[in-house]
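What follows is a short report on a single structure.
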Amino acid sequence: MKGKLFLKIVGIVLAVVVLFFAVTSLITTVGKNSNMKKIESFEQVKIENRIVPVEDENGYWTFITDRDFKVVQLTDVHIGAGFMSHGKDLKALNAVAAMVTAEKPDLVIVTGDIAYPIPPQAGTDDNLASAKMFANLMEKLGVYWTVTFGNHDTEIYSD
């Protein structure tokens, strides 16, 4: 009798765990798809007299100009891309799009922490999804951009 009760309890606990992971995976997928759809709704930034970088023989890209050169520096965007961070992620994406659209920079430099794959806060350890979301946003805005990695972009436990 005790053995059957134990197996029943283990079965219930296992079913709850499986259900939890299934629901959180579904919420994460729906949220990521929703935010990616929002990214597609942004318009390309219109920059008059855009400075176009030139690639040298070593593969380095250089902006050559004798006029003002506008750089926007962003840091700690912290896109979680998990089931607990969709609302915050959407606010971050909207804020970046608004700043870049308003400033019309020649170059955007992101100095770390695009991703925030902290499981207790974002609900994921997938920093690749965050990076893809941000890259899609920057490409959709059509601005030149570059990035350096921060500690959250390269968390040891992340993808």
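Which residue, 28, 65, 146, has the most motion in a Gaussian network model of the chain that connects Cα atoms within less than 10 Å?
For the chain, modelled as a Gaussian network with Cα springs under 10 Å, the answer is 65.
With θ set to phi - 60°, apply the Karplus curve 6.51 cos²θ - 1.76 cosθ + 1.60 along the stretch 61-67 and write out the HN-Hα couplings as whole Hz, x wherever there is a Gly or Pro.
Values, residue by residue: 9, 9, 8, 10, 7, 10, 10 Hz.
Relative to the Cα centre, what is the charge dipole magnitude of the chain, using +1 at the beta carbon of each Lys and Arg, -1 at the beta carbon of each Asp and Glu, and rounding to the nearest 20 debye? Before the final figure, lay out each step's value.
Details: 15 positive and 19 negative charges, 251 e Å.
Approximately 1200 debye in magnitude.
Explain nothing, just compute: Karplus ³J(HN,Hα) = 6.51 cos²θ - 1.76 cosθ + 1.60, θ = phi - 60°, for every residue of the stretch 82-88 in order, whole Hz, x for Gly and Pro.
x, 5, 9, 10, 4, x, 5
Send over a whole-number figure in Å² for the accessible area per residue of the chain, probe 1.4 Å. All intermediate terms of the calculation are to be shown ahead of the outcome.
Details: 10040 Å² over 159 residues.
Ligands and nucleic acids excluded, the result is 63 Å² per residue.
Residue by residue through the stretch 90-105, which ³J(HN,Hα) values in whole Hz follow from phi under the Karplus form 6.51 cos²θ - 1.76 cosθ + 1.60 (θ = phi - 60°), with glycine and proline marked x?
Along the stretch 90-105, the couplings run 4, 4, 5, 4, 4, 5, 4, 4, 5, 5, 5, 5, 6, 7, 6, x Hz.
So which chymotrypsin sites (Phe, Trp or Tyr not before Pro) in the stretch 70-159 end up in coil per DSSP with only 15 or fewer other C-beta atoms within 10 Å? Don't skip to the end; give the middle numbers.
On the way: sites: 83, 134, 144, 145, 149, 157; in loops: 83, 144, 149, 157.
Sparse-neighbourhood loop chymotrypsin sites (Phe, Trp or Tyr not before Pro): 149, 157.
Calculate the spin-label point distance for residue 148 paired with residue 91, positioning each point 7 Å from the Cα along the beta-carbon direction, and give it in nanometres.
2.8
With a 10 Å radius around each residue's Cβ, average the other Cβ atoms per peptide and rank 18-24, 58-64, highest first. Walk me through the intermediate numbers first.
Numbers: 18-24: 10.9, 58-64: 8.9.
Highest mean packing first, the order is 18-24, 58-64.
Under the rule of at least 5 residues apart or a separate chain, name every residue whose amide H is placed under 5 Å from the amide H of residue 110.
74, 146, 147, 148
If amide H atoms are built 1.01 Å from N in the plane of the peptide, which residues on other chains or at least 5 residues away come under 5 Å of the amide H of residue 81?
Distant-sequence amide H within range of residue 81: zero hits.
If I stretch the segment between residue 128 and residue 48 completely, what's the gain in nm (0.36 nm per residue apart, minus their alpha carbon distance), one decimal?
That works out to 25.5 nm of additional length.
Out of all DSSP beta bridges with both ends in the chain, state the antiparallel percent to the nearest 5.
Once the DSSP bridges in the chain are tallied, antiparallel ones form about 20 percent.
Residue farthest toward the positive end of the dipole of the chain, with Cβ of Lys/Arg at +1 and Asp/Glu at -1: which of 82, 52, 133?
Positive-end residue among those listed: 82.
Once neighbouring chains are kept in place and the probe is 1.4 Å, which whole percent of the accessible area of the chain is contributed by carbon and sulfur? Before the final figure, lay out the partial values.
Details: 6300 of 10040 Å².
Solvent-exposed carbon and sulfur of the chain make up 63 percent of the total.
Looking at (i) -0.76; (ii) -0.90; (iii) -0.69, which value of log10 I(q)/I(0) by the Debye sum over Cα atoms at q = 0.14 Å⁻¹ comes from a calculation on the structure shown?
Label (i) holds the value from this structure.
The values are calculated or read from the model by the stated rules, or taken from the named source; none is laboratory data. None of the values given here were measured: they were computed from a predicted structure. Heads up, the Cβs are rebuilt from the backbone with ideal geometry, glycines too, and the neighbour counts pull from every protein chain shown. Side chains are part of the model used for accessible areas, which takes the heavy atoms of the whole protein and leaves out ligands, DNA and RNA. Shrake-Rupley method; radii C 1.70, N 1.55, O 1.52, S 1.80 Å.
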